[in-house]
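The values are calculated or read from the model by the stated rules, or taken from the named source; none is laboratory data. This one's a predicted model, so the numbers in the text were calculated from it and none came from an experiment. Ideal geometry is used to build each Cβ from the backbone, glycine not excepted, and the neighbour counts take in all protein chains shown. Note: accessible area is taken over every heavy atom of the protein model, side chains too, but ligands, DNA and RNA are not part of it. Shrake-Rupley method; radii C 1.70, N 1.55, O 1.52, S 1.80 Å.
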Amino acid sequence: MCVENGALEIIPPQAAPLTPAQRERMWLAGREVLECHRVLHRNGITLISEIMRTQDAPEAFEHYPPDDVIDHEHRAQFYYHAHRGADEHGHFHCFARLPNPAGEGWVPVHLGAISTTPEGLPRALFATNRWVTDEYWLAAEDTIALLDGFVIDHANPSWPLNRWVTAMLVLFRPHFEALLRQRDQVVDAFQHQYPEVNALDDERLEVTGQLAIDIRAWLAELAG
């Protein structure tokens, strides 16, 4: 592992240990991702323009859309926002929604984030500390168990965008798993280093791990 721009880069997962059924499911999700790119780009539309609509430049930390995208039936949620700069335009934060253990309503569990280029293409995945998204914290394995339930099955604000986000969590399932396990290790190490603070709320620890992604390269590995 190495530290780059404050984010821990970890070794990418390999396709070799996956079962044929897992590979097929991910490969089909990859074809769905590419098809969503195709239907958007043929009319000069991108993932970013679909989520932001009439606004050209995002306001830092604002959610797009303002009330997030929520599938109440599947208890899934995501939003887009921008604030990190550099090679990234912005990123999609993806959540599972659980009944609030403290009372009424729902609490979000952060599954991971998808970073995009200024051209609206996915460039990396990353995980974050609890304070970043104000999430309900679950251990990595409990969070991983929620990944398969992430489905956005409606057309608001965009049918291809919602299908794309859903498929991305299937295509890169091993990557999200690796990032969540790494997240817990990083948080535990930080807590050990600074026992006087609550690591989950310490703003010195923001991004706990990042993985660059290449859709076609991963599809080729899955097919091989």
Confirm whether Glu203 is more than 16 Å from the chain's Cα centre (by Cα), assigned to a loop (DSSP other than H, G, I, E, B) and farther than 30 Å from Val39 by Cα.
-> yes
Every listed condition ((1) out of contact with any helix residue (DSSP H, G or I) (no Cβ under 6 Å at 6 or more places or on another chain); (2) in a helix (DSSP H, G or I); (3) acidic (Asp, Glu)) holds for Glu196 save (2)
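Just to be sure before I move on: is Trp164 modelled with pLDDT of 95 or more, open to solvent by 70 Å² or more (accessible area, probe 1.4 Å), closer than 19 Å to Arg31 by Cβ and not charged (D, E, K, R) in the structure I sent?
no
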Tally time: how many residues in segment 16-28 are in a loop (DSSP other than H, G, I, E, B) and either among the basic types (Lys, Arg) or open to solvent by less than 100 Å² (accessible area, probe 1.4 Å) (or both)?
-> 3
Give the residue that is surrounded by the most Cβ atoms within 10 Å (Cβ to Cβ), with candidates limited to residues of segment 121-131 that are at pLDDT 95 or above and not in a strand (DSSP E or B).
-> Asn129
Somewhere in segment 109-120, is a residue farther than 22 Å from His37 by Cβ and either open to solvent by less than 60 Å² (accessible area, probe 1.4 Å) or in contact with a Ser or Thr (Cβ under 6 Å, 6 or more places away or on another chain) (or both)?
-> yes
How many of the residues making up segment 195-215 are without any contact (Cβ under 8 Å) to a residue 40 or more places away in the chain and open to solvent by 60 Å² or more (accessible area, probe 1.4 Å)?
-> 5
Applying the selection to segment 29-83, what residues are in contact (Cβ under 8 Å) with a residue 40 or more places away in the chain, open to solvent by 50 Å² or more (accessible area, probe 1.4 Å) and part of a loop (DSSP other than H, G, I, E, B)?
-> Arg53, Glu73, His74, Arg75
Given the conditions (1) within 25 Å of Trp159 (Cβ to Cβ); (2) open to solvent by 20 Å² or more (accessible area, probe 1.4 Å); (3) outside any loop (DSSP other than H, G, I, E, B), every one holds for Asp142 apart from (1)
Out of the residues in segment 84-105 that are assigned to a loop (DSSP other than H, G, I, E, B) and modelled with pLDDT of 85 or more, which is most open to solvent (accessible area, probe 1.4 Å)?
-> Glu104
